[in-house]
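As structure tokens, the structure follows; a few thoughts come after it.
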Amino acid sequence: MKTKAQKQEELKEGEELFLKAQAVLLVDFSNVRTADLRNLRTQLKADGSRLLVLKKRLLGIILKKHKLEFTNSDFKTSVGTVFASNLEQASSSVYKFFSGLLKEKKIDKPKILGGFDLVTKMPMDAARVTMIGALPPREALLGQLLGMIAAPVRSLLYVLDQKAKQSTSA
């Protein structure tokens, strides 16, 4: 059991991370091996995010202080808090991490619980965080968009080329 001083220190650290973050993601880390959690922390640190294990009550205090609604009873398990400097990158890292654990059968169900977008002050459910995490990188999306825009032009050029070949051979 933590002392009051330790809890105050955790609260202070959580508050500092919260003020720097653009989003807060909540994950269930129960039944996840320590080595795997260390890997997640490393991935998140590379993205400029941080995983902190806070008591749900302390997390509730931080969120209520910033007028975000959170109740401890929403989650029955242990909650890990990802303070994300970039929502898309952190969601992607968390999604890929837990998807990898699911594929390796190290966990039996997805562990993303939800989160908060601090820019818009809106809560996000697990499905939305998962959807954001499953999106391809920005460069891939731009490439797909460019391909969709260029496809009709390419088709038109092909048709014109074929017409030109027909008229010259006739």
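The values are calculated or read from the model by the stated rules, or taken from the named source; none is laboratory data. In this text the structure is predicted, and so the values were computed from the model without any measurement. Here the Cβ is made from the backbone with ideal geometry for all residues, glycine too, and neighbour counts use every protein chain on show. Accessible surface is based on the protein model in full, side chains and every heavy atom, while ligands, DNA and RNA are left aside. Shrake-Rupley method; radii C 1.70, N 1.55, O 1.52, S 1.80 Å.
Here the Kirkwood formula puts the hydrodynamic radius of the chain at 18.4 Å, using every distinct Cα pair. Two decimals is fine: what's Rg over Rh for the stretch 101-170, C-alpha atoms, Kirkwood radius as Rh? Result: Rg/Rh = 1.38.
Put simply, the C-alpha atoms of the stretch 39-97 give a gyration tensor, and the ellipsoid matching it has half-axes of 22, 13, 10 Å, longest first. When the solvent-accessible area of the chain is split by element, carbon and sulfur atoms take up 58 percent of it, the probe being 1.4 Å. Taking amide hydrogens as placed 1.01 Å from N in the peptide plane, the amide H of Gly80 sits under 5 Å from those of Val27, Asp28, Phe29, each at least 5 positions away in sequence or on another chain. When all alpha carbon pairs of the stretch 1-93 are counted in 5 Å bins from zero, the resulting P(r) reads 3, 13, 24, 24, 23, 11, 2, 0 %.
Filter the trypsin sites (Lys or Arg not before Pro) in the stretch 9-104 to those in DSSP coil with at most 12 other Cβ atoms within 10 Å of their Cβ, and list the result.
For trypsin sites (Lys or Arg not before Pro) across the stretch 9-104 that sit outside H, G, I, E and B with at most 12 neighbouring Cβ atoms in 10 Å, the list reads Arg33, Lys67, Lys76.
Would you mind checking the pairs Lys7/Lys67; Lys2/Lys67; Lys56/Lys105; Lys12/Lys106 and listing those with alpha carbons more than 24 angstrom apart? Distance filter (> 24 Å) returns Lys2/Lys67; Lys56/Lys105; Lys12/Lys106.
Each Lys or Arg adds one and each Asp or Glu subtracts one; over the other residues with Cβ under 14 Å from the Cβ of Leu101, this totals +4. Cross-link reach is defined here as a Cα-Cα straight distance under 20 Å, omitting same-chain residues fewer than 8 places apart; for Lys121 the aspartates and glutamates meeting it are Glu15, Glu16, Glu69, Asp74, Glu88. Here the chain is treated with +1 on each Lys and Arg Cβ and -1 on each Asp and Glu Cβ, and its dipole about the Cα centre works out to around 400 debye. Sorting Asp161, Asp47, Asp28, Asp74 on solvent-accessible area from highest to lowest, probe radius 1.4 Å, gives Asp74, Asp161, Asp47, Asp28.
Subtracting the Cα-Cα distance of Ser30 and Ala140 from 0.36 nm times their residue separation leaves 36.3 nm of extension gain.
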